[in-house]
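Notes follow the structure.
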Amino acid sequence: MLAKTPLLLTISLVLTGCAARGEVLDPLEPMNRAIHSFNEGVDQAVLIPIAKGYKKVTPDIAETGIRNFFSNLDDVTVVANDILQLKLEQTSRDFMRLVFNSTIGIFGLLDVASEMGLKKHNEDFGQTMGRWGAGSGPYLVLPFIGPSNLRDTAGFVVDSRHTDLVRTHDDVATRNPVMVLRLVALRADLLEAKRAVDAAALDNYEFSRDFYLERRKSLVFDGNPPLEDE
């Protein structure tokens, strides 16, 4: 299933772009556009060439294993935020997913849990705050990270410091290369989506902003956002 992520994301990006809203909370647009342009430059000059090289030299089976490994580490964050959101049934299933993939799946290299019907969920502290009523705040573009908002930026900091097993690893010599590998693997998975955005978007900044805001709203409300904005 995870191997289909780039294609599914590409389709979602294109469809969302066609229905993008015109009114969004973006009072910092001039600054955000400048940072967006900077990130695009770094992406084109550094990340895309490295990601293409990674895909060229990495066998598909190894690429899938690396993707599964980082997805399994992310399930620690998912379970923690399941608990904070009082999603008890989902907590149980996501915890079992983490246990099965970490053991039978050889530290997450094999996604045996999905084959057992335990699907991957996406939960983080930004969504947790949104679930308990915290507003998203203004849209932000973060240097080197990309689209966010005030709530999700705070959530990212909390997750990074407490549940991200890569960032919280004490050994710098191990942590930094693993962080780079995770970034490159993620960027490689999004190469198709990036090409779709560049081809479809008249304004890349607006396209990326509207997609991010709609996706985050959908995640906070588990795919059933209210008809009216907050």
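The values are calculated or read from the model by the stated rules, or taken from the named source; none is laboratory data. Model, not experiment: these values are computed from the prediction. FYI the Cβ positions are ideal-geometry reconstructions off the backbone, even for glycines, and counts take in every protein chain you see.
Has region 198-209 got at least one residue that is free of Cβ contacts under 8 Å to residues at least 12 places away in the same chain, under 27 Å from SER37 (Cα atoms) and not in a helix (DSSP H, G or I)? Checking region 198-209: at least one residue is free of Cβ contacts under 8 Å to residues at least 12 places away in the same chain, under 27 Å from SER37 (Cα atoms) and not in a helix (DSSP H, G or I). The set of residues in region 120-169 being basic (Lys, Arg) and either in a helix (DSSP H, G or I) or over 16 Å from the mean Cα position of the chain (by Cα) (or both) consists of ARG131, ARG151, ARG161. Considering only residues in region 88-131 that are aromatic (Phe, Trp, Tyr) and free of Cβ contacts under 8 Å to residues at least 40 places away in the same chain, the one that is farthest from ALA185 (Cα to Cα) turns out to be PHE95.
Within region 198-230, the set of residues being modelled with pLDDT under 85 and either of a type in the set (D, E, K, R) or buried (at least 18 other Cβ atoms within 10 Å of the Cβ) (or both) comprises ASP198, ALA201, GLU228, ASP229, GLU230. Scanning region 166-183 for residues that are charged (D, E, K, R) and either exposed (fewer than 11 other Cβ atoms within 10 Å of the Cβ) or more than 22 Å from GLY53 (Cβ to Cβ) (or both) yields ARG167, ASP170, ASP171, ARG175. Cβ separations smaller than 6 Å between residues 6+ apart or across chains give the following pairs from region 154-166 residues that are under 23 Å from ILE66 (Cα atoms) to residues that are small (Gly, Ala, Ser) and part of a helix (DSSP H, G or I): THR163/ALA80.
Filtering region 139-165 to residues that are surrounded by fewer than 16 Cβ atoms within 10 Å (Cβ to Cβ) and in contact with a Pro (Cβ under 7 Å, 6 or more places away or on another chain) leaves nothing.
With a requirement of 3 or more residues that are touching a Leu at 6+ places or on another chain (Cβ under 9 Å) and closer than 26 Å to PHE125 by Cβ, the helices (runs of 4 or more DSSP H) lying completely within region 18-90 that satisfy it span 29-42, 60-84. GLY108 meets each of the listed conditions (1) in the same structural domain as VAL76 (by TED's automatic domain parsing); (2) buried (at least 21 other Cβ atoms within 10 Å of the Cβ); (3) in a helix (DSSP H, G or I) apart from (3).
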